[in-house]
Amino acid sequence: MTEIPTRRLGELAVSAQGLGCMGMSHGYGASDDEQSIATIHRALDLGVTLLDTSDFYGAGHNEELIGRAIAGRRDEVVLATKFGFANRLGEPTKIRGDAAYVRQACDASLRRLGVDHIDLYYQHRVDPDVPIEETVGAMAELVAAGKVRHLGLSEAGAETIRRAHAVHPIAALQSEWSLWTRELEQEIAPLCRELGIGLVPFSPLGRGFLTGRYTSTEGLSETDVRRTQPRFADGNLEQNLAIVEKLDELAAEKGVTAGQLALAWVQHRGDDVVPIPGTRRQKYLEENIAALDVVLSAADLAAIDAAAPSDKVAGTRYDAASLAFVNK
Ligand SMILES: NC(=O)c1ccc[n+]([C@@H]2O[C@H](COP(=O)([O-])OP(=O)(O)OC[C@H]3O[C@@H](n4cnc5c(N)ncnc54)[C@H](OP(=O)(O)O)[C@@H]3O)[C@@H](O)[C@H]2O)c1
């Protein structure tokens, strides 16, 4: 494996691939903290710098876990966390972006992480009831206070991004982008490029589905969020498996795994793109990092596009309740 290259999110230098830490506390069933910490350590050893978390993941557990993992290694890490969900997983969504909440959320994250600053602080979802100028104004004050270095948004719409960026430079937009979720290519990615905002695709492996590992929801825990996601629902899942089968064939031709092909495709979107695949396991971490070495020709990219046409993806990426809070 070659050395991990550096990419820029606005002015922030990060490894070309980050590690999504959500699944270590949230969404994908029970986890083992020691295994998760070992995975984070392995990521740092291999040269991954960007660690992605949120105060929402495991209701603070994920930040505490990362705090434990990076104790003594803070200088090796570009630490990204998020605020905005004022509810717990499973409760009705309540987003808060008022200035008082932003200040309080940041202090709580710093405490849980055990650090004196956050490198990249995202608003996790836009609060429909608070002008973005108020939210980003409060985030900018955190930068002035030295608590935060760079600002980000997640799942923000075009108008919000423009207005936010006018208040304070936005370094990164973190939104879903993968072979089966390509909506942001139309308006959002071009806008980010116009404004110099880096792109951080989340769920770049389609929540693991694009690796071919999930052929049914039977093995998933009762609380696994994928059980609520339409693409994993009976009928849709079978149709979506046809896409994975084609990816698998193309991957075999290149001597890589389907997951590596899916990640390499995301990485070929541009030098301003830094995906954050999530895993709790060193084995997958190493496989995902090795995808940085996969070079795709124009013909490869065309074949991958043809194997995964957006109109053949069955089901929306979130249920209706969650879709109400994206691209806002
Ligand atoms: N901003 C947002 O609203 C938002 C939303 C979702 C996610 N995120 C962030 O994005 C990160 C990544 O997204 P994600 O975790 O939802 O989805 P993902 O990266 O597309 O997929 C993660 C899933 O794939 C599995 N996996 C990873 N590498 C694999 C491999 N090489 N082979 C087989 N299976 C593999 C993981 O399993 P194991 O865990 O068992 O290893 C996990 O179940 C999250 O950790 C989080 O930090 C942000």
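The values are calculated or read from the model by the stated rules, or taken from the named source; none is laboratory data. As the structure is a prediction and not an experimental result, all values here were calculated from the model. Heads up, the Cβs are rebuilt from the backbone with ideal geometry, glycines too, and the neighbour counts pull from every protein chain shown. Side chains included, ligands, DNA and RNA excluded: accessible areas come from the protein's heavy atoms. Shrake-Rupley method; radii C 1.70, N 1.55, O 1.52, S 1.80 Å.
In the chain, helices alone account for a calculated mean residue ellipticity at 222 nm of -11500 deg cm²/dmol, with every DSSP H run of four or more residues adding -39,500 (n - 2.57). A 1.4 Å probe run over the chain, with the rest of the protein chains in place, finds 41 Å² accessible per residue. Based on C-alpha pairs under 8 angstrom that are at least 6 apart in sequence, the chain has a relative contact order of 21 percent.
In this structure Leu184 has an accessible area near 20 Å², from a 1.4 Å probe over the protein heavy atoms. When the GluC sites (Glu not before Pro) in the range 115-201 are filtered for DSSP coil states and for at most 13 other beta-carbon atoms within 10 Å of their beta-carbon, the remaining sites are Glu187. In the structure shown, do any of Lys82/Lys254; Lys254/Lys312; Lys94/Lys312; Lys246/Lys283 have a Cα-Cα gap over 26 Å, and if so which? Over 26 Å Cα-Cα: Lys82/Lys254; Lys94/Lys312. Accessible surface of the chain, 1.4 Å probe: 49 percent of it comes from carbon and sulfur atoms. Solvent-accessible area of Arg7, probe 1.4 Å, all protein chains present, reported in Å² to the nearest ten, please. Probe radius 1.4 Å; accessible area of Arg7 about 40 Å². Is the range 75-154 best put as rounded, prolate or oblate by its Cα gyration tensor, with a ≥ b ≥ c the root eigenvalues, rounded for a/c under 1.5, and otherwise prolate when a/b is larger than b/c, oblate when not? Taking the square roots of the gyration eigenvalues as a ≥ b ≥ c, the range 75-154 is oblate. Taking a point 7 Å out from the Cα of Ser216 in the direction of its Cβ, the residues of the range 234-269 whose backbone N falls within less than 15 Å of it are 234-239, 241. If the segment from Arg74 to Asp116 were pulled out straight at 0.36 nm per residue, it would be longer than the present Cα-Cα gap by 14.1 nm.
Its residues counted as N, the range 243-328 yields a C-alpha radius of gyration over 2.2 N^0.38 Å of 1.21.
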